[in-house]
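Asks: Sharing a structure below in structure tokens format, with a few things to ask.
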Amino acid sequence: MSQNLYFSKEHEQVRAAVRDFVNKRINPFIDEWEEKGAAPLHALFKEMGELGFLGIRYDEKYGGEGLDYWYETVMLEEIARARCGGVPMAIAVQTNMATPAIAEFGSEYQKQTYLRPAIRGEMVGAIAVTEPDAGSDVAAIKTFAKRDGDSYVLNGSKTYITNGTQADFLTLLARTSDAPGYHSFSLFVVPTDLPGFKISKKLDKLGMRSSDTAEIYFDDLRIPAENLIGREGEGFIYQMKQFQHERFSALPICYIGAEEMINETVTYIKGRLVFGKPLITKQVLRHRLVDWLSEIECLRQLTYHIVRLKMAGRDATREISMGKLMGGRVLNQVADGCLQMHGGMGFMNEMRVSRFFRDARLISIGAGASEVMSDIIAKLEGF
Ligand SMILES: Cc1cc2nc3c(=O)[nH]c(=O)nc-3n(C[C@H](O)[C@H](O)[C@H](O)COP(=O)(O)OP(=O)(O)OC[C@H]3O[C@@H](n4cnc5c(N)ncnc54)[C@H](O)[C@@H]3O)c2cc1C
């Protein structure tokens, strides 16, 4: 049990409200949503928007709560207690992946038209960066937005887009020039009700099954020029900044998820008799659990350090990349080890641990693979 030095009574009130929501409005429906391959995001986000959960950090002028990164962390920690990875991921797309660039670099029009409804839960957002031929190497994307009068004509495709079958808008990175270098990309808000937006297919996945994932394409889709976020040619830089919010959101999901799994495993092995004694009496298992808890505590403390850096207005790319790298490692190790401690029961779909094992696998791939995090850290370290 981690000691609490960071959170006030007000933080704990927000924590209690989000926890209550997860217990009452998410957890009872997860099996059904996993089965269906999607959570009903319009209904779910509407409820969350009304409670103020989707705009914790955003300006009150746009319907946000105007709170700080500590409150955001509380919210992410509690969302992570959902009994699956898919729903927390869908929510984090809305709060930490598809909207930060609009809030930071978007125009007044974009904030009123997309950010405000996203905060209220009246619009579902998605982030569209990855393409069939470009994932880790973001600069290899080919989707092109060609300026034509007062609009841009968009052609290309995106894949693995979370919330993609339900999204009302995409925050999308496209090329706007063939020139080499990082100033050939721009970020747009693309409404999905425009002619030329097509969903090729809903993808079938190993895990995160309550989150819908789509492959989409654009066939001469005309984006109004007013939907260009910030300045043309700056999109790559905006997206790199937006990735920091996305990757940060993975950290609480990792340490809370891993901790929850350990709690369930302890309960299970206390009750499971093997060779006449509860499994928990085996020192090798107790020590393994303690090793994981120690790593989880390090990850939590790194996360709180990142929050302090962010609160001080400092760049935390190095620390966020380290947290994402470590989070993927810890989560997968705990998922695999906890499943092992459940024996054959852990392999059964009825157990939360089997879902956790499948969902955890994404963390070291999505939002920048572990190797990409290592490359970023090495570069920042100067080697
Ligand atoms: C369920 C799911 C949801 C997703 N949601 C979204 C979304 O909403 N929006 C979006 O834009 N994208 C999304 N993604 C895409 C995700 O971010 C990419 O899958 C990820 O960035 C990796 O890209 P890739 O799949 O093309 O792998 P590749 O780039 O082909 O890389 C394959 C593997 O190579 C290794 N590798 C990569 N670079 C290096 C290196 N420099 N050195 C050594 N090894 C390396 C890594 O292990 C990597 O996993 C999602 C993916 C999944 C699976």
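Residues are listed down the side, and each one gets a yes or a no for (1) touching a residue at least 40 places away in the same chain (Cβ under 8 Å); (2) in the same structural domain as Asp291 (by TED's automatic domain parsing); (3) more than 27 Å from Asp193 (Cα to Cα):
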| residue | (1), (2), (3) |
| --- | --- |
| Leu221 | yes, no, no |
| Pro224 | yes, no, no |
| Glu246 | yes, yes, no |
| Pro252 | yes, yes, yes |
| Tyr268 | yes, yes, yes |
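Asks: Scanning segment 152-172 for residues that are open to solvent by 10 Å² or more (accessible area, probe 1.4 Å) and part of a strand (DSSP E or B), which turns out farthest from the ligand (Cβ to nearest atom)?
Replies: Val153
Asks: Among the listed residues Arg247, Arg308, identify the single one that is among the basic types (Lys, Arg) and crowded, with 22+ Cβ neighbours inside 10 Å.
Replies: On inspection, the qualifying residue turns out to be Arg247.
Asks: Restricting attention to segment 268-287, which residues are within 18 Å of Met351 (Cβ to Cβ) and surrounded by 15 or more Cβ atoms within 10 Å (Cβ to Cβ)?
Replies: Tyr268, Ile269, Arg272, Leu279, Ile280, Leu285 - these are the residues of segment 268-287 that are within 18 Å of Met351 (Cβ to Cβ) and surrounded by 15 or more Cβ atoms within 10 Å (Cβ to Cβ).
Asks: Now for a separate question. Just to be sure I understand, how many residues within segment 95-129 are touching a helix residue (DSSP H, G or I) at 6+ places or on another chain (Cβ under 8 Å), of a type outside the set (A, V, I, L, M) and closer than 25 Å to Ile79 by Cβ? Let's see the steps before the verdict.
Replies: Going residue by residue through segment 95-129, those that are touching a helix residue (DSSP H, G or I) at 6+ places or on another chain (Cβ under 8 Å) are 95-107, 109-112, 114-116, 118-127, 129.
Now drop any that are not of a type outside the set (A, V, I, L, M), which leaves 95-96, 99-100, 104-107, 109-112, 114, 116, 120-122, 125.
Subset that is closer than 25 Å to Ile79 by Cβ: 95-96, 99-100, 104, 106, 111, 114, 116, 120-122, 125.
Summing the residues that are touching a helix residue (DSSP H, G or I) at 6+ places or on another chain (Cβ under 8 Å), of a type outside the set (A, V, I, L, M) and closer than 25 Å to Ile79 by Cβ in segment 95-129 gives 13.
Asks: I would also like to ask the following. Checking the conditions here, which among Asp359, Asp375, Asp336, Asp315 is open to solvent by 20 Å² or more (accessible area, probe 1.4 Å), within 15 Å of the ligand (Cβ to nearest atom) and not assigned by TED's automatic domain parsing to the domain that holds Val93?
Replies: Unique residue meeting the criteria: Asp375.
Asks: Could you go through segment 325-336 and let me know if any residue there is under 16 Å from the mean Cα position of the chain (by Cα) and under 25 Å from Lys282 (Cβ atoms).
Replies: Looking for residues that are under 16 Å from the mean Cα position of the chain (by Cα) and under 25 Å from Lys282 (Cβ atoms), one finds at least one in segment 325-336, hence yes.
Table: residues versus (1) part of a loop (DSSP other than H, G, I, E, B); (2) surrounded by fewer than 23 Cβ atoms within 10 Å (Cβ to Cβ); (3) in contact with a Pro (Cβ under 9 Å, 6 or more places away or on another chain).
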position: Ala174; (1), (2), (3): no, no, no
position: Asp178; (1), (2), (3): yes, yes, no
position: His183; (1), (2), (3): no, yes, no
position: Lys201; (1), (2), (3): no, yes, no
position: Lys205; (1), (2), (3): yes, yes, no
position: Asp220; (1), (2), (3): no, yes, yes
position: Arg231; (1), (2), (3): yes, yes, no
position: Phe236; (1), (2), (3): no, yes, no
position: Met240; (1), (2), (3): no, yes, no
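Asks: Could you pull out the residue among Ala179, Ala139 that is within 16 Å of the ligand (Cβ to nearest atom) and outside the structural domain of Leu362 (by TED's automatic domain parsing)?
Replies: Ala139
The values are calculated or read from the model by the stated rules, or taken from the named source; none is laboratory data. Everything quoted here is computed from the prediction, not taken from an experiment. Positions of Cβ are generated from backbone atoms using ideal geometry, with glycine treated the same way; all protein chains shown enter the neighbour counts. Protein only, heavy atoms only, side chains kept; ligands, DNA and RNA dropped before computing areas. Shrake-Rupley method; radii C 1.70, N 1.55, O 1.52, S 1.80 Å.
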